Amino acid sequence: MAYLNYSWSFYYVTPLLAVKTTIDLVRTRTRNLVLERDRFKLESENLSLATQRLSLQRDYLVLEVNFLRSQISPHFLFNTLNAVYNRIVDADELAAELIAKIASLMQYTLYLANKDQVAVEDEARYIDNYLGLERARFGEDVDIQFEYTAQNESLQIAPLLLISFVENAFKHGVSLADDNPFVHVALHVTDSRLVFTSKNSIITFDPDAELEGSDGRNGGIGLENTAKRLSLLYPERHQLRIQALEEVFEVELVIQF
């Protein structure tokens, strides 16, 4: 009887326990797979929403750039500048040179700035022409310097990416500084990275005003939009440092190619 009871318990109950254990394992595994699938689905939806948000931001910036471009660079103005240049080049060489710089700026915004990428050389020439006009505007009252070196001038960057920093230096820096105002801009390009720096004099020190648009001293919407463009165009491939020191406002941008 003891042998029969043991045999019945071993050969009948044990298989039932094994079947139940297998079923429980399968159910647990299935439940885990369902949870894992739901997690991946949720992450995929979040990624899709993030992608859509970045796409909307990019489209907004493109529309904003196009709107600004349509305001400042009509074709007829470019043609008119060329006509004026041809008329005064023999009478006033300095005035003709200034008009030629303005025409070069217009040509850039008309025919190159609508592209996704432009040569670094073209962007540097645009900055140089802009600074040339500012030199003519301020004369010797403002120390304006531009240093440019490039190992490979054919490298491509987004157009009109650096000019906002230069404009900011004059709009919110030189116009508010009364003692020895200056703007020093440098652009150095190698085969692996771009380093852009801009330094300008300021009159007051207010670190909390950095990138604020209403008080004016440290920039505003121009720098903020440029920072957004950099995040969209060069994610994880750029470093932007903006700081206000005691008497100097500095911008340093590094882009890895």
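The values are calculated or read from the model by the stated rules, or taken from the named source; none is laboratory data. Note that the structure is predicted; figures quoted are calculated from it, not measured. For neighbour counting, all protein chains shown are included, and Cβ atoms are generated from backbone atoms with ideal geometry for every residue, glycine included.
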Item to check | Complete set of residues in region 236-257 that are within 16 Å of S192 (Cα to Cα) and not charged (D, E, K, R) | outcome: H238, Q239, L253, V254, I255, Q256, F257
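Is there a residue being in a loop (DSSP other than H, G, I, E, B), modelled with pLDDT of 80 or more and either aliphatic (A, V, I, L, M) or closer than 20 Å to D122 by Cβ (or both) anywhere in region 202-213?
Yes, there is a match, as at least one residue in region 202-213 is in a loop (DSSP other than H, G, I, E, B), modelled with pLDDT of 80 or more and either aliphatic (A, V, I, L, M) or closer than 20 Å to D122 by Cβ (or both).
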Next on the checklist: Tell me the residue from Q145, Q117 that is out of contact with any Leu (no Cβ under 8 Å at 6 or more places or on another chain) and under 27 Å from L63 (Cβ atoms), please.
Outcome noted: Q117
Next on the checklist: For region 151-188, which positions are without any contact (Cβ under 8 Å) to a residue 40 or more places away in the chain and in a strand (DSSP E or B)?
Outcome noted: Q156
Item to check | Inter-residue pairs, beta-carbon under 6 Å, first without any contact (Cβ under 8 Å) to a residue 40 or more places away in the chain and in region 241-252, second among the aliphatic types (A, V, I, L, M), 6+ apart | outcome: I242/V251
